[in-house]
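One structure is given here, and the rest of the page talks about it.
The values are calculated or read from the model by the stated rules, or taken from the named source; none is laboratory data. Bear in mind the structure is a predicted one, so any value in this text is a computation, not a measurement. Cβ placement follows ideal geometry from the backbone for every residue including glycine, while neighbour counts extend to all protein chains displayed. For accessibility, only protein heavy atoms count, side chains too; no ligands or nucleic acids. Shrake-Rupley method; radii C 1.70, N 1.55, O 1.52, S 1.80 Å.
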Amino acid sequence: QVQLVESGGGLVQAGGSLRLSCAASGIIFSINVMGWYRQAPGKQRELVAAITRSGGVTDYEDSVKGRFTISRDNAKNTVYLQMNSLKPEDTGVYYCAARKGRRLWDEYDYWGQGTQVTVST
């Protein structure tokens, strides 16, 4: 099993920045891809950023490209999501997720409990 614990959410004004962190523990050698999902109020959860084990490949949902950056520190078993130029539509619960397979956009196997991000106007 893999456990994921997010931190770093909060309330920020539009145009501001936040950095989310996700600490992984357990059988982490089985994990290849890490991702961040977002669930806005009344909407389905969507993948916004993903990164491979080496960190060499990343991908983003179109609405966050150029504003969000995903990174990972394998020595610390931690993945980050730097969010800049935040918009009210970025509001939602952000979930860290991990998958054993190598594809960034396929179904994920493990989930964190989520952290709330609220962007005010």
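Applying the Karplus relation 6.51 cos²θ - 1.76 cosθ + 1.60 with θ = phi - 60° to region 15-24 yields 3J(HN,Hα) values of x, x, 10, 9, 10, 8, 10, 9, 9, 9 Hz, where x marks Gly and Pro.
Shown are Glu6, Glu46, Glu89, whose ranking by accessible area with a 1.4 Å probe and every protein chain present, most to least, is Glu89, Glu46, Glu6.
A cut-off under 12 angstrom between Cβ atoms defines the neighbours of Ala97, and their net charge, with Lys, Arg +1 and Asp, Glu -1, is -1. The label-point distance for Glu107 and Ser85, in a model that sets each label 7 Å from Cα toward Cβ, rounds to 3.6 nm.
Taking the chain as a Gaussian network of alpha-carbon nodes connected by springs under 10 Å, the highest mean-square fluctuation of the residues Gly15, Gly55, Gly26 belongs to Gly26.
Within the listed set Gln44, Gln13, Gln82, the residue fluctuating most in the Gaussian network model of the chain (springs between alpha-carbon atoms under 10 angstrom) is Gln44.
Protein heavy-atom accessible surface, 1.4 Å probe, per residue over the chain: 52 Å². The charge dipole of the chain, taken about its Cα centre with unit charges on the Cβ atoms of Lys, Arg (+1), Asp and Glu (-1) only, comes to about 200 debye. Surface composition of the chain: carbon plus sulfur atoms contribute 47% of the solvent-accessible area (1.4 Å probe, protein chains only, all chains present). Largest GNM mean-square fluctuation among Asp73, Asp90, Asp62, using the chain with Cα springs under 10 Å: Asp62.
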